[in-house]
1. If we keep just the residues of region 151-182 that are of a type in the set (Val, Ile, Thr) and open to solvent by less than 60 Å² (accessible area, probe 1.4 Å), which is nearest to Glu25 (Cα to Cα)?
2. Restricting to region 53-88, name every residue that is among the charged types (D, E, K, R), part of a helix (DSSP H, G or I) and surrounded by 13 or more Cβ atoms within 10 Å (Cβ to Cβ).
3. For Asp130, state whether it is among the acidic types (Asp, Glu) and either in contact with a helix residue (DSSP H, G or I) (Cβ under 9 Å, 6 or more places away or on another chain) or not in a strand (DSSP E or B) (or both).
4. Taking Glu111, is it surrounded by fewer than 17 Cβ atoms within 10 Å (Cβ to Cβ) and part of a helix (DSSP H, G or I)?
5. With the requirement that a residue be open to solvent by 60 Å² or more (accessible area, probe 1.4 Å) and assigned to a loop (DSSP other than H, G, I, E, B), what does region 201-219 give you?
6. Look through Arg95, Arg101 and report the one residue that is surrounded by 15 or more Cβ atoms within 10 Å (Cβ to Cβ) and either at positive phi or modelled with pLDDT of 95 or more (or both).
7. Val145 is checked against (1) out of contact with any Leu (no Cβ under 9 Å at 6 or more places or on another chain); (2) surrounded by 12 or more Cβ atoms within 10 Å (Cβ to Cβ) and fails just one. What number does that condition carry?
8. What pairs come up if the first residue lies in region 90-112 and is polar (S, T, N, Q), the second is not in a helix (DSSP H, G or I), and their beta carbons are under 7 Å apart, counting only those six or more places apart or on different chains?
Amino acid sequence: MSNGGETVFEYEMIPDSADARLFVELSSYGADLSEARHALALASEGNEDSPLRDAAAYLIGFAALAYCRTFFASNVRKPLTDHISIPDELQDLHRLIGAFRNTTIAHSQSELAITFPVGILDAGTLRVRDVTAATTSQTLPPPLVSRFLALLETVDELLFEVTEPVRQRLIEQLGRSNRAGMVAGGARPIVINATDADFDPRTKRSRYPTSNKLHWSSTPLSGQ
């Protein structure tokens, strides 16, 4: 369909099926991998004058979390490694990123983050002035960040290889369906508007989602 030379598209939900649910699952891994790649790219862009330099460690930590979401235990999808096999030459790095997520980012129990008790004394009299705590932490070294990014790219390519046949089957199924009826029926995700007071992270998404809850702030902006 075109309108004045400009193509206009109709967007419809693919009907529920085993392939549709598999496509959702595989595509959700892709979303996590994209977040991880974007975070690493931002971490690598920071120079001495960039605000990203101070955020680099946090971005690398988030990238590890996003990557590990794809293959750690979940109540709503299988591990990505049920669909693809990590190449042998990347297995050690794959396990290292998982350990980094577990012991450093998620649970703070590795030597990469250590807190020391420090006494502050007057240099002349050695009188106690204060007691404080000093924490030193470190993230993945730059060479490991580069290898991590290469791992993400490889896993993303492997994911594409298993996703593309499913996508092609859905295209074929959609081609055989009553598309005019689908457009007339207007099958689209339901948007549920909610306030920030209704925010609840303890939910489980459906394997075939039909709605999306959007939380809006119920607190007026200052000056309004």
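1. Quick first cut of region 151-182, residues of a type in the set (Val, Ile, Thr) only: 154-155, 162-163, 166, 171.
Right, trim to open to solvent by less than 60 Å² (accessible area, probe 1.4 Å) and you get 154-155, 162-163, 166.
Details: Thr154: 19, Val155: 15, Val162: 11, Thr163: 10, Val166: 11 Å.
Result: Thr163.
2. The initial filter retains those residues of region 53-88 that are among the charged types (D, E, K, R), namely 53-54, 69, 77-78, 82, 88.
This time we only want the ones that are part of a helix (DSSP H, G or I), so: 53-54, 69, 82, 88.
Of everything in region 53-88, those that are among the charged types (D, E, K, R), part of a helix (DSSP H, G or I) and surrounded by 13 or more Cβ atoms within 10 Å (Cβ to Cβ) turn out to be Arg53, Arg69.
3. On the way: among the acidic types (Asp, Glu): yes; either in contact with a helix residue (DSSP H, G or I) (Cβ under 9 Å, 6 or more places away or on another chain) or not in a strand (DSSP E or B) (or both): no.
Answer is no for this residue.
4. Details: surrounded by fewer than 17 Cβ atoms within 10 Å (Cβ to Cβ): yes; part of a helix (DSSP H, G or I): no.
No, not satisfied.
5. Pro201, Arg202, Thr203, Lys204, Arg205, Ser206, Arg207, Thr210, Ser217, Ser218, Thr219
6. On the way: Arg95 fails: surrounded by 15 or more Cβ atoms within 10 Å (Cβ to Cβ).
Of the residues listed, the single one that is surrounded by 15 or more Cβ atoms within 10 Å (Cβ to Cβ) and either at positive phi or modelled with pLDDT of 95 or more (or both) is Arg101.
7. (1)
8. Sorted first by the residue in region 90-112, then by its partner, the pairs are Thr103/Gln109; Thr103/Ser110; Thr104/Ser110; Thr104/Leu112; Thr104/Ala113.
The values are calculated or read from the model by the stated rules, or taken from the named source; none is laboratory data. All values reported here derive from a predicted model rather than from experimental measurement. Every residue, glycine among them, receives a Cβ derived from its backbone with ideal geometry; neighbour counts consider all protein chains shown. Protein only, heavy atoms only, side chains kept; ligands, DNA and RNA dropped before computing areas. Shrake-Rupley method; radii C 1.70, N 1.55, O 1.52, S 1.80 Å.
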